[in-house]
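Take a look at the structure set out below.
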Amino acid sequence: MIAIVGPCGSGKTVLVNGLKQYDYHARQIAQEHSFVQDMWQVLTKPDLLIYLDASYETCTERKALNWKRHEYTEQLRRLSHARENCDLYLVTDDLSTEQVLREILVQLQGISS
């Protein structure tokens, strides 16, 4: 079981869908909306935690969000426990969806080797 967390617009949904095409059991965790710091552990007990990161500007553009920087900052605060405990970390700002999937697949291969 692979759990994926990150701020809104970081690419979680696209990555989950891509990993499923390669027969990985992956699930997006909406940790960014929870006040429970370890909600990612409570909901899934994952074997692996992936943290996707993206800047405020990128997230806002990708999701056409009408939010303020302090709301993004609050999401990062709520995600801090997951970020500190993730197995794989990837900044997605300058990557296409295909590049994100490829990079994570490479990292997953490195873990299983």
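Values quoted throughout were computed directly from the atomic coordinates according to the rules given, and no laboratory measurement underlies them. Quick caveat: nothing in here was measured; it's all calculated off a predicted structure. Every residue, glycine as well, gets a Cβ built from its backbone with ideal geometry; the counts of neighbours run over all protein chains shown.
Please list, ordered by chain and number, the residues whose modelled amide H lies under 5 Å from the amide H of Asp53; skip anything fewer than 5 residues away on the same chain.
Those lying under 5 Å, H to H, from Asp53 are Leu90, Val91, Thr92.
Given only helices, namely DSSP H runs of n ≥ 4 each adding -39500 (n - 2.57), what is the per-residue ellipticity at 222 nm of the chain, to the nearest 500 deg cm²/dmol?
Numbers: 5 runs with 57 residues, N = 113.
When only DSSP H runs of four or more count, the value is -15500 deg cm²/dmol.
Over the chain, what is the mean sequence separation of C-alpha contacts under 8 Å (at least six apart), divided by residue count, expressed as relative contact order in percent? Before the final figure, lay out each step's value.
Details: 176 pairs, mean separation 38.4, N = 113.
Worked out over the chain, it gives 34 percent.
Under a GNM of the chain (C-alpha, springs under 10 Å), which listed residue has the highest mean-square fluctuation: Ser96, Ser55, Ser80?
Taking springs between Cα atoms under 10 Å, the residue moving most is Ser96.
Just flag the chymotrypsin sites (Phe, Trp or Tyr not before Pro) in the range 1-56 sitting in loop per DSSP whose Cβ has no more than 14 other Cβ atoms within 10 Å. Could the numbers behind the result be given before it?
On the way: sites: Tyr22, Tyr24, Phe35, Trp40, Tyr51, Tyr56; in loops: Tyr22, Tyr24, Phe35.
Passing both the DSSP loop test and the Cβ count: Tyr22, Phe35.
Give the residue list of chymotrypsin sites (Phe, Trp or Tyr not before Pro) in the range 64-113 that are DSSP loop and have at most 15 other beta-carbon atoms within 10 angstrom. Show your work: numbers first, answer last.
Numbers: sites: Trp67, Tyr72, Tyr89; in loops: Trp67.
Counting only loop positions with at most 15 other Cβ atoms within 10 Å, the chymotrypsin sites (Phe, Trp or Tyr not before Pro) in the range 64-113 are Trp67.
Using the crude model of +1 on Lys and Arg Cβ and -1 on Asp and Glu Cβ, and no other charge, please compute the dipole size for the range 2-108 relative to its Cα centre, in debye to 20. Numbers along the way, then the final one.
Values: 12 positive and 15 negative charges, 63 e Å.
Approximately 300 debye in magnitude.
At a Förster radius of 22 Å, what calculated FRET efficiency corresponds to the Cβ-Cβ distance of Lys45 and Glu84, to the nearest 0.05? Let's see the in-between values first.
On the way: r = 18 Å, r/R0 = 0.80.
E(calc), rounded to 0.05, equals 0.80.
Check cross-link reach from Lys45 to the lysines: straight Cα distance under 22 Å, and skip same-chain residues fewer than eight apart.
Excluding near neighbours in sequence, the set is Lys12, Lys20.
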